[in-house]
1. Distance between Cα centroids, the stretch 151-169 to the stretch 20-62: provide it in whole Å.
2. Could you rank ASP217, ASP86 by how accessible they are, 1.4 Å probe, largest area first?
3. Pull up the DSSP beta bridges for the stretch 1-150 and report the antiparallel fraction as a percent, rounded to 5.
4. Once you treat every alpha carbon in the chain as an equal point and sum by Debye, what is log10 I(q)/I(0) at q = 0.16 Å⁻¹?
5. Run the dipole for the chain about the Cα centre, Lys and Arg Cβ at +1, Asp and Glu Cβ at -1, nothing else charged, and hand back the magnitude in debye, nearest 20.
6. Taking every alpha carbon pair in the stretch 1-106, what does the distance histogram look like in 10 angstrom bins from 0, in percent?
7. If you stretched the chain out fully between ALA140 and ALA268, how much longer would it get, using 0.36 nm times the residue separation minus the C-alpha to C-alpha distance?
8. Just to be sure I understand the model, the point goes 7 Å from the Cα along the line to the Cβ. What's the resulting SER109 to GLN257 distance in nm?
Amino acid sequence: MTTVTVEPSVKLYYEDYGQGQTFVFIHGGGLSHEMWEQQVFALADNYRTIAYDQRSHGQSSKPGHGHNFERLCDDLEILLAYCQVDRPVLVCHGIGAYVGLTYALRHPSQLTGLVLTGAGARFLEADGQRGGFAQDQWLAYMQAMARNKVEAVTQLVNNGFYYQDPGPETRQAVITTMLQWPIYATKQLGNALQSTDLGKRVSALNVATLIAHGIHDLKQPYEGAQKLSKALPTATLVPFKNSAHNPQLEEYDAFNQMLIRFVSEQAAR
C-alpha cells in the first residue's frame with residue numbers, strides 16, 4: 001500500500017499515476033480517492049494524477065486529532081513534497097475545497113491552478129445568506145448521526161448527492177465509503193467547519209481558478225458558488241446543468257474536458 005507519513009503514526013494513502021502536468025485530487029467529507037476514478041481513468045495517459053485519502057478517510061490512518069483545515073493543509077503540503085510535485089492543479093470537492101483554498105492562500109505561486117466543486121465561501125449559511133449548508137440541515141444531520149450513523153449517511157446520499165438517480169449499486173458504494181469516516185472525526189471537523197468563512201480572505205488570491213458547480217446542489221447551493229466566484233477575482237464559474245453535489249460523477253466527461261481545457265489555457269499563458 002502506497003502511503004506517506006504526515007506525523008508519527010499517521011499515514012495517508014495515495015495513488016500516483018502518469019506523468020507530466022500534475023492534477024492532485026482532494027475529496028470531500030466522508031469520501032475517498034475513489035470518487036476521482038473517472039478523472040484518473042481519463043487523464044493519467046497524458047498527465048500525472050495523484051488522488052489521496054485525507055486523514056480519517058478511506059485507507060488513511062484514523063487518528064483522534066488533526067481534524068481542522070490548517071492540519072489537513074499541512075498534510076497536503078507533506079504529500080506534495082514527498083511526491084516531488086511541481087506546480088500542480090488542485091481539484092477539490094466539498095470540504096476538500098477548503099483544504100485547497102487554504103493551500104492556495106499559503107502558496108499561490110506554487111500552483112498552476114485551482115478547481116473547486118461542491119463548495120462555497122462559507123460552509124454554513126449565516127445571517128440568512130445562502131451560500132452554505134443550511135444551519136438547520138447541519139444541526140439535523142449531526143443529531144441524526146448521534147442517533148444512527150447508517151441512517152444519517154444513507155439519507156444524506158439519497159437526498160443530496162445526485163440530481164439523477166445513479167442506481168442502488170452506486171448509491172450503496174458511496175454510502176459504504178462514507179461509513180468509513182469515524183463519527184468523532186466527523187464531529188471534530190464539523191466544529192471547525194462551523195466557523196469557516198474564507199470569503200474575505202480569498203479576495204486577494206491570485207491563482208487561476210475554476211468553480212464547477214451543479215445547479216441542482218441542495219447540500220451546497222449554487223448561490224454559494226456564485227458568491228465565491230464574485231469573491232475570487234481570477235475565478236470562472238462553470239455551471240453543470242445536470243448535476244447536484246457531484247458533477248465530477250454525474251457529468252464526468254464534461255468535467256474531464258473542462259480540466260483538460262483549463263490546463264491547456266494555463267500552459268498557453
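1. 21
2. ASP86, ASP217
3. Working: 9 of 24 bridges.
The antiparallel fraction comes to roughly 40 percent.
4. Here log10 of I(q) over I(0) equals -1.30.
5. Numbers: 21 positive and 25 negative charges, 125 e Å.
Around 600 debye, computed over the chain.
6. Once binned at 10 Å, the Cα pair distances of the stretch 1-106 give 16, 54, 28, 2.
7. Stretched fully, the ALA140-ALA268 segment lengthens by 41.3 nm.
8. 3.7
The values are calculated or read from the model by the stated rules, or taken from the named source; none is laboratory data. Everything numeric in this text was worked out from a predicted model, so none of it was measured. For neighbour counting, all protein chains shown are included, and Cβ atoms are generated from backbone atoms with ideal geometry for every residue, glycine included. The area values use the complete protein model at the heavy-atom level, side chains included, leaving out ligands, DNA and RNA. Shrake-Rupley method; radii C 1.70, N 1.55, O 1.52, S 1.80 Å.
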